[in-house]
Amino acid sequence: MSRWWTESVAAFGDVVPLPLAVLALLLAGALIGAGWYWWPRWVPRRFPRLRMPRIRWRRPRFRWPFRRRARVEPELVRTVTGTSDDQLPDLPVSAFVSLADRLAAQGRYAEAVRERLRAMVRELIDRKVMEHRPGWTVTELAGAAGQARPVVDAPLRAAGGVFSDIWYGQHSAGAQHDERMRELAAELHRALS
């Protein structure tokens, strides 16, 4: 068995000199290494199609540059609540509801939704359903309150969904969102009573 191998190498050595064979092996190793490193980029994902690809035309979305979400001035929030935007101040639920009503009257529905959610959280804390943890997300808050008292899970998750769509999804808020948050706050209040 070793005889055919020896004869094949001797025949190859007669045709190709040793330095050229070593260079060819180094070049082949470099090409294999480069192919191994960049494998996904140079291998085609699919075979090319023989027919024309479909072109999907979408209607372009136009956004007015001046129709941005209105934000509450930090002075208004600090004056009413005594703290910054991200903190839950130690105020009664009625203070949050009052601020939410004033913001909704001014057409600042996104901020009104946020204040109504704060009122709901304050009511949960006041009723000892859960303890206040400043770093929680809306989903974590709804999960903790739902585990402590399952009857508050549905309205709190729905309120968290409305809040997340507006503040994180950057959807424009309207009067219907504020009205929905009022309904969910009333439903939460009934569930806690």
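The values are calculated or read from the model by the stated rules, or taken from the named source; none is laboratory data. Values in this document were obtained by computation on a predicted structure and should not be read as measured data. Methodologically, a virtual Cβ is constructed for each residue, glycine included, from the backbone with ideal geometry; neighbour enumeration extends over all protein chains shown.
Things to note:
- Looking at 118, 114, just one residue is of a type outside the set (S, T, N, Q), modelled with pLDDT of 85 or more and touching a Ser or Thr at 6+ places or on another chain (Cβ under 9 Å), and that residue is 118.
- Of all positions in the stretch 89-96, none carries a residue that is within 19 Å of residue 177 (Cβ to Cβ), of a type in the set (Val, Ile, Thr) and at pLDDT below 90.
Residue-wise test of (1) among the β-branched types (Val, Ile, Thr); (2) outside the structural domain of residue 88 (by TED's automatic domain parsing); (3) free of Cβ contacts under 8 Å to residues at least 60 places away in the same chain; (4) assigned to a helix (DSSP H, G or I).
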| residue | (1), (2), (3), (4) |
| --- | --- |
| 124 | no, no, no, yes |
| 128 | no, no, yes, no |
| 131 | no, no, yes, no |
| 143 | no, no, yes, yes |
| 162 | yes, no, yes, yes |
| 179 | no, no, yes, yes |
| 187 | no, no, yes, yes |
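- In the stretch 21-34, the residues that are under 21 Å from residue 9 (Cβ atoms) and modelled with pLDDT of 90 or more form no Cβ pair under 6 Å with any partner that is acidic (Asp, Glu) and not in a helix (DSSP H, G or I), whether six or more places apart or across chains.
- Failed item, numbered, when residue 151 is tested on (1) under 22 Å from residue 193 (Cβ atoms); (2) in contact with an Asp or Glu (Cβ under 9 Å, 6 or more places away or on another chain): (2)
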